[in-house]
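Input: a single structure, listed below in structure tokens.
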Amino acid sequence: MGGRLEVDLPYESDNITIILVRPKYDGNIGAVARTVLNFGIKDLRIVGTTGDWSEEARNRAKHAQDVLDSCKIYENLNEAIHDCSLVIGTSGKREIGDRISFRHFIPPEELPKRLVSVEGRVAFVFGPEDIGLTNEELHDCDLLVTIPTWEGYPILNLSHAVSIICYTWYVNISSSKKRESEQQRLLNPFLRDRLRFEISRLSKSMPTKDHKRTGIEETLNRIIMRGLPKDDEIHRILSVITEAADSFERDRASSD
């Protein structure tokens, strides 16, 4: 019991990536390797580790040793998401007041409905066990998801959080029948980077109070990416944002 069967991985998992950012405990890395393979995923990437797996990591990975062996190691999150069209950050933090505008959370069960008919690499990003992803790292994510938990003790164990996200994706995606005519392609990574750059340029150049700029930038990024726009749609959106940013920059230059 508990062994691994010679069964092909689900084709839906080909474009799913799990990224761990600066995990603190080797045991959790091994447990995550096991759980991602439980749901047919093999692309595990880790930021800020050596890749020399301890005996504890090996033991907790069980029959997912090849996931550990093929794991890609990166120095920072930007490098880890270089080929991803959609980056989904996870967080268990509960924030209120002005800072809530930074976190536009989507519940886990909503994600598969959005992803069932799209192509392109999708990354789920998990932060370190003690503090989670930094605001800068969350800024690099297109969408944010949080797992509903009791507010008295909201932070899940890393491998448990990965399990819930992977299960929610797998149980929904594997029961859906995709037809070629219904598929949509997500933004290619170059267009994703271009969109984020132009939105940032717009927020920095528009006439508003400085403390509002980050919130404007985050809101534009989240709202646009929630619609999972296709390349031709994003080209039209980009033309509007770029023209607006150019105009604001010209106005600022003429007033200096």
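Just so it is clear, none of the values below were taken in a lab; they were calculated from the coordinates. Please read all numbers here as calculations on a predicted model, not as lab measurements. Virtual Cβ from ideal backbone geometry, glycine too; neighbours counted across all protein chains shown.
Tell me which chymotrypsin sites (Phe, Trp or Tyr not before Pro) from the range 116-159 have a DSSP coil assignment and no more than 12 other beta carbons within 10 Å of their own. Show your work: numbers first, answer last.
On the way: sites: Phe124, Phe126, Trp150; in loops: Trp150.
Listed in order of number, the matching sites are Trp150.
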* Mind ranking 27-39, 64-76, 157-169 by how tightly packed they are, going by the mean number of other C-beta atoms within 10 angstrom, highest first? => 27-39, 157-169, 64-76
* Counting alpha carbon pairs within less than 8 Å and at least 6 residues apart, what relative contact order, in whole percent, applies to the range 187-255? -> 52 percent
* Can you list residues whose amide H is under 5 Å from Asp43's amide H, if they're 5+ apart or on another chain and H is modeled 1.01 Å from N? -> Ile18
* Using alpha-carbon positions, what is the distance between the centroids of the range 20-40 and the range 58-92, in Å? -> 8 Å
